[in-house]
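For reference, the structure discussed in these notes is given below.
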Amino acid sequence: MRVTALVPAAGMGKRMGADINKQYLLLEGKPILAHTLAVFELAPFVDDIYVITPEAEIPYCREHVVEQFGFTKVREVVAGGKERQNSVLNGLRALNGSDEDDVVLIHDGVRPFIPTAVLKRSVEVATAEDGALVAVPSKDTIKTVEAGIVTGTPPRENIWLAQTPQTFRYGIIRAAHELAAAEGFLGTDDASLVERLGRQVHVVMGDYRNIKITTPEDMLLAGAFLKSVNSER
């Protein structure tokens, strides 16, 4: 059984107000994407990494991230699609020839603080079950709202905030994405596509530091988290 990390890194920097896409912004002198890939590079149970970027950025990603920082597990930089879901499907198709029971970790390129222990647990759960979703319990009360009016207050203990990685056996996640593409269905995340197959996705406890860096405020948090992570090593 091989374990492969698919890392979509095709996000734009609009909310960041940056001239380059957010995954290439520097965090303590290194692109955010490089921090993320380093987690998988150092995880002994991860065999391969496939990075997914806009086609025009493939040469830049290879030169300024993969080659510059010496990521030996990166097998290919794959051209992304219009939506994240299309990009992930492109990545899955690049894994043609994989065994159905191989495990695929799908992880956002701008989530550099995922603990290795969470990755390992995700692989263990995905191997035994239909899939693993990393998530954390909501700290806040959630309201459902329509036309600016509160319509309900779901029990907070039932509300979890989805993160990545979302981890599945290759045969399951490939089938889920191919079916969604054939039917023109666009899901909110990879787990939602697997749920459509009638499969059960199990929750793996995540980490509140596993943020998705999308705004300038997130960069401030990321700087603080990086100092904390470095002090723990």
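Go through the stretch 115-145 and give me each residue that's among the hydrophobic types (A, V, I, L, M, F, W, C) and assigned to a loop (DSSP other than H, G, I, E, B).
142
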Test: residue in the stretch 28-36 that is at pLDDT 95 or above, within 23 Å of residue 130 (Cβ to Cβ) and either within 17 Å of the chain's Cα centre (by Cα) or assigned to a loop (DSSP other than H, G, I, E, B) (or both): no
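Which one is nearest to residue 138 (Cα to Cα), of the residues in the stretch 185-206 that are of a type in the set (D, E, K, R) and surrounded by 15 or more Cβ atoms within 10 Å (Cβ to Cβ)?
Of the residues in the stretch 185-206, the ones of a type in the set (D, E, K, R) are 189-190, 195-196, 199.
Right, trim to surrounded by 15 or more Cβ atoms within 10 Å (Cβ to Cβ) and you get 189-190, 195, 199.
Working: 189: 18, 190: 20, 195: 21, 199: 24 Å.
By that ranking, first place goes to 189.
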Condition check for residue 182: outside any strand (DSSP E or B), loosely packed, with under 14 Cβ neighbours inside 10 Å, modelled with pLDDT under 95 and over 20 Å from the mean Cα position of the chain (by Cα): no
Top-ranked residue of the stretch 72-98 - restricted to ones that are part of a loop (DSSP other than H, G, I, E, B) and under 18 Å from the mean Cα position of the chain (by Cα), ranked as surrounded by the fewest Cβ atoms within 10 Å (Cβ to Cβ): 82
Pair list, Cβ < 6 Å and 6+ apart or interchain, from the stretch 190-213 residues that are over 14 Å from residue 172 (Cα atoms) to residues that are among the hydroxyl-bearing types (Ser, Thr, Tyr) and outside any loop (DSSP other than H, G, I, E, B): 204/122
Hits in the stretch 37-50 (condition: out of contact with any helix residue (DSSP H, G or I) (no Cβ under 8 Å at 6 or more places or on another chain) and either outside any strand (DSSP E or B) or buried (at least 24 other Cβ atoms within 10 Å of the Cβ) (or both)): 38, 41, 44, 47
Where a residue in the stretch 144-164 is closer than 20 Å to residue 190 by Cβ and its partner, wherever it lies, is among the basic types (Lys, Arg) and surrounded by 10 or more Cβ atoms within 10 Å (Cβ to Cβ), with Cβ under 9 Å and at least six apart: 163/111; 163/212; 164/111; 164/212
Pair list, Cβ under 9 Å, 6 or more apart: the stretch 33-58 residue under 19 Å from residue 86 (Cβ atoms), other residue among the acidic types (Asp, Glu) and outside any loop (DSSP other than H, G, I, E, B): 50/76; 51/76
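Taking residue 79 as the residue in question, decide whether it is farther than 19 Å from residue 41 by Cα, at pLDDT 95 or above, in contact with a Lys or Arg (Cβ under 7 Å, 6 or more places away or on another chain) and not β-branched (Val, Ile, Thr). Even if it seems obvious, please write down each step before you answer.
Values: farther than 19 Å from residue 41 by Cα: yes; at pLDDT 95 or above: yes; in contact with a Lys or Arg (Cβ under 7 Å, 6 or more places away or on another chain): no; not β-branched (Val, Ile, Thr): yes.
When the stated conditions are applied, residue 79 does not pass them.
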Some residue of the stretch 10-21 being under 17 Å from the mean Cα position of the chain (by Cα), at pLDDT below 95 and over 19 Å from residue 216 (Cβ atoms): yes
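The values are calculated or read from the model by the stated rules, or taken from the named source; none is laboratory data. Source: prediction; values computed, not measured. So basically every Cβ, Gly included, is an ideal-geometry build from the backbone, and we count neighbours across all protein chains shown.
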